[in-house]
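**Q** I am attaching a structure below and will ask some questions about it afterwards.
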Amino acid sequence: MVVAVDHEASGLSSSEYERKLAEFEARINRGEKIEPADWMPETYRKQLIRLIHVHANSEICGALPEGKWIPRAPTFKRKLALLAKVQDEVGHAQLLYRATETLGPTREQLVEDLISGRSKFSNVFHYPAETWADVAIIAWLIDGAAIVNQVMMSEGSYGPYARALKRICYEEAFHLKHGYEMCCVLARGTKVQRAMLQDALDRWWAPIMMFHGPSDKVSTHTELLVRWRIKLKTNDEQRQQFLRQFVPKMHDLKLKVPDPSLRFDKKSQQWLYDDPDWEEFKRVVCGGGPVTAERLEARRLAHVDGLWVREAMVAAAQNRPIPMPSPN
Amino acid sequence: MTDTQWPVYEVFHQQARGEPHMHVGSIHAPDADMALILGKEQYCRRQACVNIWVVPHEAIHATAYENDDIFIRGTDKSYRESWGYQTPKTVRATDGGTADDG
Amino acid sequence: MDKIETLDALTGATREAVVHLLYRMADDELIIGHRNSEWTGHAPILEADIAFSSMAQDEMGHAQAYYEILHALGERDPDTLAFGRKPREYRCASLVCLPKGDWGFSLIRQFLYDAAEQVRLTALAESSLVPLAQLTTKLRGEEKYHMMHGRTWVLRLGNATTESHAKMQAALDRAYPHALGLFEPTEFDETLAQAGVCTREEELQKQWESAVAPVLDDAGLEVPDSARPVFGGRVGKHPPELAELLNQMQMVYSIDPAAKW
């Protein structure tokens, strides 16, 4: 079906299309990357645009819940680290929008698609960060879950996305350490601090369990994505990896994971858990999350309030070349 | 909404004097000087850097990937490599000028 | 002028004057860094967001370094100084307390502020107080970048469109009187000058004016004629925005100041 649609869109003869598709798939099977100027099936292009765009949106929307806490961070170290981390999220959005642009759409279109609600962002950023402990949980567990996904995706078939992800993974390593350190400090801190941390985990657990997307039982179109190495592991495989990596550490910190069914099954070597509410997931990513509107409004304001600045800089560049002044 | 898309500049950084400039990525910037200012913080806020170049994206001319077979060497070109030559460990030339192959 | 090689060698009135100077510098850096950090995630374009965030980090880093010296001089530790004081105990100028406003205001403020910082750091690089001279010398590379950033933006936005010109002029009109407040004379100026620690505020202001005037002129912006300096910050009298800012800044810290965070 995909092939037929792509074939029509490609304007190629049937045999020519088959030949190009075979070449394309052979390249991917050899483990080579696809570069922007290469021929690619329309479905590959569209799926990648959708995927990288959502990833970019998630980075910039992910800057918001934590960004709110920059002014409230309680020590120099935390304030600087959080500021640097949120700056990284903005930087990652920049890298990912650039990667998306190599497939056709402009940054401006991508940003407008986000603020008009035409494109999505990760479920976790539709929820509010209510206390300082949320900042710790987000940096540790959400960045942890994101790293599982991003390390995998950095081995994917599209060159610009893989390159951006290599850089992103390198930078995210500090986010994870920063988050884990904060959780350790709170977990070993005062009664109030421990309660804050547990409360944050209680609220974030379900969204985190949904982070890697619907269960393989219901997830659609994974097969094609896997074949073209847009995706290298299923949602459930990623979730298992996350649980393997993080649940023992949560137990070490004496945190109570709010899922009575959560246990490691020796026989299947899998973590067993209660399925999160996938209806809620669907509702949230389609724009019905507790703070979806607030997030989009923040992005819209930045874009609209910045309009005069972007316009003026274009005008300045067109009017005359202005030499950069010497710093002294 | 008005299109306020800034042009794209490719960014190259040099980690130390004597090292080559390497491509690190690209940014949107209104002009070359702003590209230097903005590129520095997007690409050089962690790793060592002594210099950056920015180049308008359109200024890059590239070969086509479909022609990447031009880079495949059709015949044995080992004569271009040091490993393409065999020399004896010790050389003792005789009066006649023949080398000892030991 | 005799060099003061170590902090321990500081005594009497000079020591008291140095402490006051460091509080002024540190508090200015902390509060402007805090204000600029409010742009992270909200700037007009991602690339500009990143650069401005780095500058906010630089300023907070400078604040921390000055508080460290204060701590070495017997004041409380840097976190307590930054997060544990009442508004009237801060010595920052009103310029840094004002809300971030629009991008034009934040840029103009940062430009005026950086020019003042550069003038001061240049003076302090020659300071008789060796540890301070050494520290400020290290900070000058970051400040040089800030100046490049500020001038490049201001020159463009001042001249670009009717709208951008109007916004930048309005920002300058609002910021300039507060920027003059960075040079509010204090009872310690004479002592600091006599000891060769720091140039008099009056003199720094003149240097600052001659540094900013040509750039503003090139940007097509007019320095407001009758700008009356807004003073008070150096003696702990602040606009109400500082108390609001500190309320936010100290919100988590004050849950339990004795706790580790």
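The values are calculated or read from the model by the stated rules, or taken from the named source; none is laboratory data. Just so you know, these numbers come straight off a predicted model, no measurement behind them. Heads up, the Cβs are rebuilt from the backbone with ideal geometry, glycines too, and the neighbour counts pull from every protein chain shown. The accessibility values were calculated without ligands, DNA or RNA, using every heavy atom of the protein model including side chains. Shrake-Rupley method; radii C 1.70, N 1.55, O 1.52, S 1.80 Å.
**Q** If you scan region C:202-237, which residues turn out to be without any contact (Cβ under 8 Å) to a residue 12 or more places away in the chain, away from chain A (no Cβ under 14 Å) and small (Gly, Ala, Ser)?
**A** C:SER226 - this is the single residue of region C:202-237 that is without any contact (Cβ under 8 Å) to a residue 12 or more places away in the chain, away from chain A (no Cβ under 14 Å) and small (Gly, Ala, Ser).
**Q** Here's something else I'd like to know. Quick one: A:VAL148 ticks every box in (1) open to solvent by less than 20 Å² (accessible area, probe 1.4 Å); (2) touching an Asp or Glu at 6+ places or on another chain (Cβ under 9 Å); (3) more than 18 Å from A:GLU101 (Cα to Cα); (4) more than 14 Å from chain C (Cβ to nearest Cβ) bar one, so which box is it?
**A** Of the numbered conditions (1) open to solvent by less than 20 Å² (accessible area, probe 1.4 Å); (2) touching an Asp or Glu at 6+ places or on another chain (Cβ under 9 Å); (3) more than 18 Å from A:GLU101 (Cα to Cα); (4) more than 14 Å from chain C (Cβ to nearest Cβ), the odd one out for A:VAL148 is (2).
**Q** Restricting to region C:107-141, give me the number of residues that are in contact with a helix residue (DSSP H, G or I) (Cβ under 9 Å, 6 or more places away or on another chain), surrounded by fewer than 19 Cβ atoms within 10 Å (Cβ to Cβ) and within 17 Å of C:MET55 (Cβ to Cβ).
**A** Of the residues in region C:107-141, 2 are in contact with a helix residue (DSSP H, G or I) (Cβ under 9 Å, 6 or more places away or on another chain), surrounded by fewer than 19 Cβ atoms within 10 Å (Cβ to Cβ) and within 17 Å of C:MET55 (Cβ to Cβ).
**Q** Only one of B:VAL24, B:VAL50, B:VAL54 is out of contact with any Gly (no Cβ under 6 Å at 6 or more places or on another chain), surrounded by 13 or more Cβ atoms within 10 Å (Cβ to Cβ) and not basic (Lys, Arg); which?
**A** So the residue among B:VAL24, B:VAL50, B:VAL54 that is out of contact with any Gly (no Cβ under 6 Å at 6 or more places or on another chain), surrounded by 13 or more Cβ atoms within 10 Å (Cβ to Cβ) and not basic (Lys, Arg) is B:VAL24.
**Q** Do you know which of the residues in region C:34-45 that are part of a helix (DSSP H, G or I) and closer than 24 Å to B:ALA29 by Cα is farthest from the other protein chains (Cβ to nearest Cβ)?
**A** Among those that are part of a helix (DSSP H, G or I) and closer than 24 Å to B:ALA29 by Cα, it is C:ASN36.
**Q** Residues that are touching a His at 6+ places or on another chain (Cβ under 8 Å), under 22 Å from C:ARG156 (Cβ atoms), at pLDDT 95 or above and more than 12 Å from chain A (Cβ to nearest Cβ): does region B:52-70 have at least one?
**A** yes
**Q** A further question follows. Within the bounds of region A:183-202, is there any residue that is part of a helix (DSSP H, G or I), under 29 Å from B:LYS40 (Cα atoms) and within 13 Å of another protein chain (Cβ to nearest Cβ)?
**A** No: zero hits.
**Q** Which one is farthest from the other protein chains (Cβ to nearest Cβ), of the residues in region C:146-169 that are in contact (Cβ under 8 Å) with a residue 24 or more places away in the chain and open to solvent by 10 Å² or more (accessible area, probe 1.4 Å)?
**A** Top of the filtered list is C:GLN169.
**Q** For region B:1-21, which residues satisfy the criterion of being among the β-branched types (Val, Ile, Thr) and either more than 7 Å from every other protein chain (Cβ to nearest Cβ) or open to solvent by less than 70 Å² (accessible area, probe 1.4 Å) (or both)?
**A** Of everything in region B:1-21, those that are among the β-branched types (Val, Ile, Thr) and either more than 7 Å from every other protein chain (Cβ to nearest Cβ) or open to solvent by less than 70 Å² (accessible area, probe 1.4 Å) (or both) turn out to be B:THR4, B:VAL8, B:VAL11.
**Q** If you check C:ASP8 against the conditions, is it at the interface with another protein chain (Cβ under 9 Å from one of its Cβ atoms), part of a helix (DSSP H, G or I) and over 22 Å from C:SER254 (Cβ atoms)?
**A** Details: at the interface with another protein chain (Cβ under 9 Å from one of its Cβ atoms): no; part of a helix (DSSP H, G or I): yes; over 22 Å from C:SER254 (Cβ atoms): yes.
Criteria not met by C:ASP8.
**Q** Given the criterion within 13 Å of chain C (Cβ to nearest Cβ), open to solvent by 10 Å² or more (accessible area, probe 1.4 Å) and modelled with pLDDT of 95 or more, identify the matching residue among A:LEU83, A:LEU110, A:LEU95.
**A** A:LEU95
**Q** Sort out which residues of region A:200-244 are open to solvent by less than 50 Å² (accessible area, probe 1.4 Å), at pLDDT below 95 and β-branched (Val, Ile, Thr), and write them in order of number.
**A** Correct list: A:THR222, A:ILE230, A:THR234.
To keep it simple, each residue is scored yes or no on (1) of a type in the set (D, E, K, R); (2) at pLDDT 95 or above; (3) surrounded by 14 or more Cβ atoms within 10 Å (Cβ to Cβ).
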site: A:LEU255; (1), (2), (3): no, yes, yes
site: A:ASP265; (1), (2), (3): yes, yes, no
site: A:TYR273; (1), (2), (3): no, yes, yes
site: A:GLU280; (1), (2), (3): yes, yes, yes
site: A:GLY289; (1), (2), (3): no, yes, yes
site: A:THR292; (1), (2), (3): no, yes, yes
site: A:ARG299; (1), (2), (3): yes, yes, yes
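**Q** Which condition number in (1) within 13 Å of the chain's Cα centre (by Cα); (2) over 30 Å from B:GLU58 (Cβ atoms); (3) open to solvent by less than 10 Å² (accessible area, probe 1.4 Å) is the one that A:LEU165 fails?
**A** (2)
**Q** Which residue is surrounded by the fewest Cβ atoms within 10 Å (Cβ to Cβ), if the candidates are limited to region C:62-78 and must be in contact (Cβ under 8 Å) with a residue 40 or more places away in the chain and within 11 Å of chain A (Cβ to nearest Cβ)? Spell out the reasoning first.
**A** Let us first name the residues in region C:62-78 that are in contact (Cβ under 8 Å) with a residue 40 or more places away in the chain, namely C:62, C:65-67, C:69-70, C:72-73, C:75.
Restricting the remaining residues to those that are within 11 Å of chain A (Cβ to nearest Cβ) gives C:65, C:67.
Working: C:ALA65: 18, C:TYR67: 26.
It comes out as C:ALA65.
**Q** For the list (1) among the aliphatic types (A, V, I, L, M); (2) within 20 Å of A:ASP199 (Cβ to Cβ); (3) surrounded by fewer than 24 Cβ atoms within 10 Å (Cβ to Cβ), I need the number of the one condition that A:ALA73 fails.
**A** (3)
**Q** While we're looking at this one, here's another question. Considering only residues that are away from every other protein chain (no Cβ under 14 Å) and free of Cβ contacts under 8 Å to residues at least 60 places away in the same chain, which ones fall in region A:289-324?
**A** A:ALA293
**Q** Go through region A:57-68 and count every residue that is assigned to a helix (DSSP H, G or I) and more than 7 Å from chain C (Cβ to nearest Cβ).
**A** 8
**Q** Identify the residue in region C:212-236 that is open to solvent by 40 Å² or more (accessible area, probe 1.4 Å) and assigned to a helix (DSSP H, G or I) and, among all such residues, is farthest from C:LEU157 (Cα to Cα).
**A** Step by step, filter region C:212-236, then rank; the result is C:VAL235.
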